[in-house]
1. Which residues, taken from segment 211-228, are crowded, with 19+ Cβ neighbours inside 10 Å, out of contact with any Phe, Trp or Tyr (no Cβ under 8 Å at 6 or more places or on another chain) and over 19 Å from Ala311 (Cα atoms)?
2. Test Gln118 against the stated conditions and say whether it is touching a residue at least 40 places away in the same chain (Cβ under 8 Å), polar (S, T, N, Q) and surrounded by 17 or more Cβ atoms within 10 Å (Cβ to Cβ).
3. Quick check: is even one residue across segment 387-395 farther than 13 Å from Ile130 by Cα and touching a Leu at 6+ places or on another chain (Cβ under 8 Å)?
4. Quick check, is Arg318 surrounded by 13 or more Cβ atoms within 10 Å (Cβ to Cβ) and modelled with pLDDT under 90?
5. Run down Asp424, Asp462, Asp450, Asp467 and say which single residue is surrounded by fewer than 24 Cβ atoms within 10 Å (Cβ to Cβ) and closer than 28 Å to Ala132 by Cα.
6. Could you check segment 156-180 and list, in sequence order, the residues that are touching a Leu at 6+ places or on another chain (Cβ under 7 Å) and farther than 22 Å from Asp351 by Cβ?
7. Can you tell which of His399, His313 is surrounded by 24 or more Cβ atoms within 10 Å (Cβ to Cβ) and part of a strand (DSSP E or B)?
8. Select, from Thr442, Thr479, Thr466, the only residue that is more than 17 Å from the chain's Cα centre (by Cα) and not in a strand (DSSP E or B).
Amino acid sequence: MNNPCNPLSAQPQLQRRRFLSQAALGAGSVALASLLQESAGGAIVQQHAARARRIIYLFMHGGPSQLDLFDYKPRLQAYHGHELPDSVRGNQRLTGMTSGQASKPVTPSVFPFRQHGQSGAWISELLPHIAAHVDDLSIVRSLQTEAINHDPAVTLLQTGHQQPGRPSFGAWAHYGLGSENANLPAFMVLVSDGSAARPADPLYARLWGSGFLPSNHQGVALRASGDPVLYLSNPPGISANARRDQLDVIADLNRRQLAQQRDQEIATRIAQYELAFRMQTSVPDLTNLNNETAGTLAAYGPQCNQPGTFARHCLLARRMAERGVRFIQLYHRGWDQHYNLPSDLRLQCQDVDQPVGALLSDLKQRGLLEDTLVVWGGEFGRTTYSQGNPTATNYGRDHHGGCFTMWLAGGGVRPGTIHGQTDDFSFNVVRDPVHVHDLNATLLYQLGVDHRRLTYRFQGRDYRLTDVHGNVLHKLLATT
């Protein structure tokens, strides 16, 4: 019987899965769950040598302003207050928030930039800790996306399509490569509110969902208060032994149903129940920072002591990396600066700059940066013209998908690299354009996966993270 869910699986693996599911019918639930976890560990074998074993994805939700942070445009001062030339705008779409705006005055950044490191990359004064690591970064200034509103843009970057319903990047990574720790989820998510978070700044759980993949591949989000994961603790009156007995009974019933129906979701349910039981011990250990030194806590900044903050989450990300979590996703809200950009962007950068710098240092000191691919960025950039009427010290910027900046570090990327170039207005890419599908293809490549072969058949079609697009950016990758 061929497996319609994955055309890449080898026949011996299929036979092994069938044998395991049949042979396990007479075994205890713990043994069955172990077999299921092992046999479902990865849908494919790696197609080439992996440079990264895991990804830490630092997602700045809302669209960080590239020309106020990484894309230095000193010539823009000469156009300050002038109308954005039609020749620059071309036929690019604008959002409804500024498409009807009578004037679109060019607005340079108020923040000083200076060069850093041997690469000489220009970085805003708002990010001194990240700038200290500039020679470890591969900065991509020429990202492009066709989506110009938040939800479609985030969904496209995270799932490969603007419409909801497809698996997230972390789910694809788990499906393709499996887990390195049987006691923790392979895909974990942490969400923090920025100091300049907007009231309408939604992040939907489907962004770390499994879509049409088996549900065990979805991300597990940790909470800032109470149990780190819902229902992690046993209710009053239920001991660990009682919970174990309950799971054994449920597993026995599920095994019988699995033998009759051969439904993948039943196998998933058994494995997830067992993982949840093991997480009752592993997650409290993960989130307990008592064994961290005072120096480490201080490096991540004072907010590290506050649950739910981005600083705390960066430290937890390092602890997850140590424990073999495959895909670690940190979301930080509040980067949608349509107004009050100078003050709000400063607040956002204060939230993330020191923790990110500490994370890079921590990973490097522990030998983890070599096989951990760190990604920083948002769903799009911001316009070079101001939304509303700018003043000498205050302005806002609308969404802009024509060009934006992200950076990568570790995991075999070429350090000290600046890839791509935009025009003098930071409005158009003039060299080495990079589509979001190209970025995702490259990240998968570093994990040892050919993005064209990581597919899943659903409703008669083979789907993949990069849809029918994507080229690996070999210029971003280290040669040795």
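The values are calculated or read from the model by the stated rules, or taken from the named source; none is laboratory data. Quantities reported herein were computed from a predicted structural model and do not represent experimental measurements. Every residue, glycine among them, receives a Cβ derived from its backbone with ideal geometry; neighbour counts consider all protein chains shown.
1. Matches in segment 211-228: Gly211, Asn216.
2. no
3. Checked against the condition, which is being farther than 13 Å from Ile130 by Cα and touching a Leu at 6+ places or on another chain (Cβ under 8 Å), segment 387-395 yields at least one hit.
4. Taking the combined requirement at face value, the residue does not satisfy it.
5. Only one candidate passes the filter, namely Asp424.
6. Gly160, Gln162, Pro167, Ser168, Phe169, Ala171, Trp172, Ala173, Tyr175, Gly176, Leu177
7. Result: His399 is the single residue among His399, His313 that is surrounded by 24 or more Cβ atoms within 10 Å (Cβ to Cβ) and part of a strand (DSSP E or B).
8. Thr479
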